[in-house]
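Trainee: Sharing a structure with you now.
The values are calculated or read from the model by the stated rules, or taken from the named source; none is laboratory data. Remember, it's a predicted structure, so these values are computed and weren't measured experimentally. Every residue, glycine among them, receives a Cβ derived from its backbone with ideal geometry; neighbour counts consider all protein chains shown.
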Amino acid sequence: MKSPMLLWRVVAEDFGDRCRVSTTHDFKTVARRSEHEGLSFLTITLPRFGKDFDEALADGGVAHAHFAGFQRLGGLPRFLGGFLELVFDRSDGVLLDVPSVPAIVAIRQLTRLCSKVALPCSYDRERYALEQYIKTDGELVDAENSWSEDDIHRFQRISRLIFGEVFTRMDNLHARGQLVPKHGPGSTADRLLGNEKYDLREWTVRLEQGGFHSVDFILPNPRFWMNLENVKFLSPGEERPVKVVPVPKTLETPRIIAIEPACMQYAQQAVAEGLVCLLETYNVSKFFVGFTDQEPNRVLAKRASKDGSLATLDLSEASDRVSHQLVVYLLRGYTHLLDAVVSSRSTKADVPGFGLHNLTKFASMGSALTFPIEAVVFTSIVFCGIEDAIGRRLTYKDFYSFKGKVRVYGDDIIVPAEYAQQVMSALEHFGFKVNLHKSFWNGKFRESCGKEYFDGHDVSVVKLREVAPTSLRDVKEIVSWVDFRNQLYAAGFIRAVDAVDRHLTGVLKGHFPRVGPDSPLLGRVNGDGSFDIHSIDPRTHQPLARGWRVSADPPKSQISGEGALLKYFLKRGSLPTADKKHLLRSGRPRAVGIKLSKGPVQ
């Protein structure tokens, strides 16, 4: 099981049994090409094959440009030909009247099994991704120059009809000083960890002028005003830039994120929390945007795969293509809210190999405001496109007719299929790039929020996220593979589950018990109610198993008296903090381990 090729083989055999298809020659192809192309065949080439397959499903047939690099027999590739023949006609590649859903799942699973394995990219791929990050800013300038006054006024008018109540409420909250900040557990550009964040020593002049007054946000009480002598107030030219870093995503491309300074993230969280809450509760916005629940998007995508009424659109580089100037237009007229959003936005980025860069984009992935602001922007532009298609101005009442027809979650966008072309044109006019390989408005294939559907059937796949663990020291890999194993079991992969079980049992020294889904132990969730019971808890009479449990202690991080008081005032909810030692230890664990112990089976 150390080789992903062997995992691919047993998954293929499982599907071969289901569909009564021989996979012998398919595995020989995988083995031969993996030997020559390396791991990139499984992680890059096969996922591209899978994307072409999805397009062919949506288009109703295989085109000449599909499946480049694979030999054909008739209208279909020889590779996975046994499965493909159950979906398309071999002679001309046209979609069958009643294609086999198990065969569709088989092809999608076998081509995407290793598509998301987190592996570091080559230096050239990382540098190219960073170049694209900077190049995007130049393209945004071109987009801004192309907008007419009519474009801007319409964008503002539509956004106010949908989000005006939310913006007004947020404007009032910030004017009254009722936005409450918070710190997250992650890294910051100034390398503050854990409890250190509650004793901030940097604040920006822009934050101060934007309504985030240091005496209210840094101090637990105005009585401690003398502590401000230890705070350095940074002018715009002195502000700390975001730290841009590539992190592993796939072997083909890294994910580019930006680590914000602690003070900026602190203020961003104050705006984001209030904005998300209001957007999900106020009319009309609650019909169209979501942040905490992906299910509405998935329900609509499933319905659309059956009746074709809706299109699912996906954007490339979505976060990096929201123009700062567009956000200013969006919030113009809501003075206090605009001040809050603009003052908590970082204006410069430190890009590895390229130095300091002044940002045209509103924010990168890493800002707490990226997700809610982009959802508002996308929704407003979607209705600009719909207005183009209808040929008249939308009224407030019109928006109610689009309930259940338009939905935005991040860069996953759902719109009526009849307006898809106009919506895509509007998005591109405002500087966004529609990913045509992952956008669908024809046929019976749709995808949204990590789920894929064909003709009302869920054809989503299980994806490997980490390389195989080889020892107890590989904690991240072990945790990922246990979850992967349980997903395989739920999907009915008999051979694959058996192979992964044997591998994990060896790595875990034989301690890999059958447990329930809520057990804290790393175990096999079989869903049949059977457990490996080691003993009974004498106090609670609860069945216990013996297995490995993840152990992750927060690092030592003491806090000052003033910082502790501030942390108390910023706590959400009325219940006490669960960790009694949070004033001594705080932040993300620097190391994660596992230990052998007894634990409840469910």
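Trainee: Looking at the stretch 512-549 only, could you name the residues that are touching a residue at least 40 places away in the same chain (Cβ under 8 Å), in a loop (DSSP other than H, G, I, E, B) and closer than 30 Å to Leu110 by Cα?
Mentor: Listed by number, the residues that qualify are Pro513, Gly516, Pro517, Asp518, Gly523.
Trainee: For the stretch 390-415, what are the residues that are part of a helix (DSSP H, G or I) and of a type in the set (Gly, Ala, Ser)? Write out each step before concluding.
Mentor: Kept after step one, since they are part of a helix (DSSP H, G or I), are these residues of the stretch 390-415: 390, 397-402.
Selection gives Ser401 alone.
Trainee: Which of the following residues is within 26 Å of Asp412 (Cβ to Cβ), crowded, with 19+ Cβ neighbours inside 10 Å, modelled with pLDDT of 95 or more and within 22 Å of the chain's Cα centre (by Cα): Ser344, Ser319, Ser323, Ser364? Step through it out loud before you land on a result.
Mentor: Numbers: Ser344 fails: within 22 Å of the chain's Cα centre (by Cα); Ser319 fails: modelled with pLDDT of 95 or more; Ser364 fails: modelled with pLDDT of 95 or more.
The match here is Ser323.
This table checks each residue for (1) outside the structural domain of Val592 (by TED's automatic domain parsing); (2) under 24 Å from Arg9 (Cα atoms); (3) under 22 Å from the mean Cα position of the chain (by Cα); (4) among the β-branched types (Val, Ile, Thr).
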site: Gly443; (1), (2), (3), (4): yes, no, no, no
site: Cys449; (1), (2), (3), (4): yes, no, yes, no
site: Ala496; (1), (2), (3), (4): yes, yes, no, no
site: Gly516; (1), (2), (3), (4): no, no, no, no
site: Ser519; (1), (2), (3), (4): no, no, no, no
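Trainee: Looking at Ile594, Ile559, can you tell me which residue is assigned to a loop (DSSP other than H, G, I, E, B) and aliphatic (A, V, I, L, M)?
Mentor: On the way: Ile594 fails: assigned to a loop (DSSP other than H, G, I, E, B).
Going through Ile594, Ile559 in turn, the sole match is Ile559.
Trainee: Any residue at all in the stretch 416-428 that's part of a loop (DSSP other than H, G, I, E, B) and either out of contact with any strand residue (DSSP E or B) (no Cβ under 6 Å at 6 or more places or on another chain) or at negative phi (or both)? Can you show your working first?
Mentor: Here is the first cut: in the stretch 416-428, the ones part of a loop (DSSP other than H, G, I, E, B) are none.
Checking the stretch 416-428: not a single residue is part of a loop (DSSP other than H, G, I, E, B) and either out of contact with any strand residue (DSSP E or B) (no Cβ under 6 Å at 6 or more places or on another chain) or at negative phi (or both).
Trainee: From the set of residues in the stretch 220-233 that are surrounded by 15 or more Cβ atoms within 10 Å (Cβ to Cβ) and in contact with a Phe, Trp or Tyr (Cβ under 7 Å, 6 or more places away or on another chain), which is farthest from His357 (Cα to Cα)? Show your work before the answer.
Mentor: So in the stretch 220-233, the residues surrounded by 15 or more Cβ atoms within 10 Å (Cβ to Cβ) come out as 220, 224, 227, 231.
From what's left, in contact with a Phe, Trp or Tyr (Cβ under 7 Å, 6 or more places away or on another chain): 220, 231.
Values: Pro220: 35, Val231: 26 Å.
It comes out as Pro220.
Trainee: Of the residues Ser367, Ser343, only one is in contact (Cβ under 8 Å) with a residue 60 or more places away in the chain and within 28 Å of Val406 (Cβ to Cβ); which?
Mentor: Numbers: Ser343 fails: within 28 Å of Val406 (Cβ to Cβ).
Going through Ser367, Ser343 in turn, just one is in contact (Cβ under 8 Å) with a residue 60 or more places away in the chain and within 28 Å of Val406 (Cβ to Cβ): Ser367.
Trainee: If we keep just the residues of the stretch 131-180 that are more than 17 Å from Leu427 (Cβ to Cβ) and crowded, with 20+ Cβ neighbours inside 10 Å, which is nearest to the chain's Cα centre (by Cα)?
Mentor: Tyr133
Trainee: Criterion first (part of a loop (DSSP other than H, G, I, E, B) and assigned by TED's automatic domain parsing to the domain that holds Val94) does His66 satisfy it? First the steps, then the outcome.
Mentor: Numbers: part of a loop (DSSP other than H, G, I, E, B): yes; assigned by TED's automatic domain parsing to the domain that holds Val94: yes.
Considered against the rule, which asks whether it is part of a loop (DSSP other than H, G, I, E, B) and assigned by TED's automatic domain parsing to the domain that holds Val94, His66 comes out as yes.
Trainee: Follow-up. Criterion first (in a loop (DSSP other than H, G, I, E, B) and either surrounded by 17 or more Cβ atoms within 10 Å (Cβ to Cβ) or basic (Lys, Arg) (or both)) does Ser115 satisfy it? First the steps, then the outcome.
Mentor: Values: in a loop (DSSP other than H, G, I, E, B): yes; either surrounded by 17 or more Cβ atoms within 10 Å (Cβ to Cβ) or basic (Lys, Arg) (or both): yes.
For Ser115, the condition - in a loop (DSSP other than H, G, I, E, B) and either surrounded by 17 or more Cβ atoms within 10 Å (Cβ to Cβ) or basic (Lys, Arg) (or both) - is met.
Trainee: Only residues that are under 27 Å from Glu126 (Cα atoms) and in a helix (DSSP H, G or I): list them for the stretch 256-285, please. Give the derivation first.
Mentor: Start the filter on the stretch 256-285 by keeping residues that are under 27 Å from Glu126 (Cα atoms), which leaves 256-262, 264-265.
Residues satisfying the conditions are Ala262, Met264, Gln265.
Trainee: Still on this structure, please answer the following. What pairs come out if I take residues in the stretch 279-297 that are hydroxyl-bearing (Ser, Thr, Tyr) and pair them with residues that are part of a helix (DSSP H, G or I) and surrounded by 18 or more Cβ atoms within 10 Å (Cβ to Cβ) whose C-beta lies under 6 Å away, six or more apart or interchain?
Mentor: Filtered contacts from the stretch 279-297: Tyr282/Val166; Ser285/Ile162; Ser285/Phe163; Ser285/Val166; Ser285/Leu279.
Trainee: From the list Gly184, Gly177, Gly164, Gly211, pick out the single residue that is part of a helix (DSSP H, G or I) and under 26 Å from Leu278 (Cβ atoms). Steps first, please.
Mentor: Working: Gly184 fails: part of a helix (DSSP H, G or I); Gly177 fails: part of a helix (DSSP H, G or I); Gly211 fails: part of a helix (DSSP H, G or I).
Going through Gly184, Gly177, Gly164, Gly211 in turn, the sole match is Gly164.
Trainee: Which one of Val482, Val500 is surrounded by 19 or more Cβ atoms within 10 Å (Cβ to Cβ), within 24 Å of the chain's Cα centre (by Cα) and not in a loop (DSSP other than H, G, I, E, B)?
Mentor: Val482
Trainee: Suppose we filter the stretch 486-521 for residues that are touching an Asp or Glu at 6+ places or on another chain (Cβ under 8 Å), closer than 20 Å to Pro600 by Cβ and not aliphatic (A, V, I, L, M); how many remain?
Mentor: The number of residues fulfilling the criteria is 3.
Trainee: Filter the stretch 301-314 for residues that are surrounded by fewer than 23 Cβ atoms within 10 Å (Cβ to Cβ) and not basic (Lys, Arg); which is farthest from Ile414 (Cα to Cα)? Before you say what the answer is, go through the steps one by one.
Mentor: From the stretch 301-314, those surrounded by fewer than 23 Cβ atoms within 10 Å (Cβ to Cβ) are 302-303, 306-309, 314; that's our starting set.
Remaining after also requiring not basic (Lys, Arg): 307-309, 314.
Numbers: Asp307: 14, Gly308: 12, Ser309: 10, Asp314: 9 Å.
Looking at the filtered set, the residue picked out is Asp307.
Trainee: Would a scan of the stretch 369-385 turn up a residue that is more than 29 Å from Cys277 (Cβ to Cβ), acidic (Asp, Glu) and either in contact with a helix residue (DSSP H, G or I) (Cβ under 8 Å, 6 or more places away or on another chain) or surrounded by fewer than 23 Cβ atoms within 10 Å (Cβ to Cβ) (or both)? Even if it seems obvious, please write down each step before you answer.
Mentor: First, the residues of the stretch 369-385 that are more than 29 Å from Cys277 (Cβ to Cβ): none.
No, the conditions are met nowhere in the stretch 369-385.
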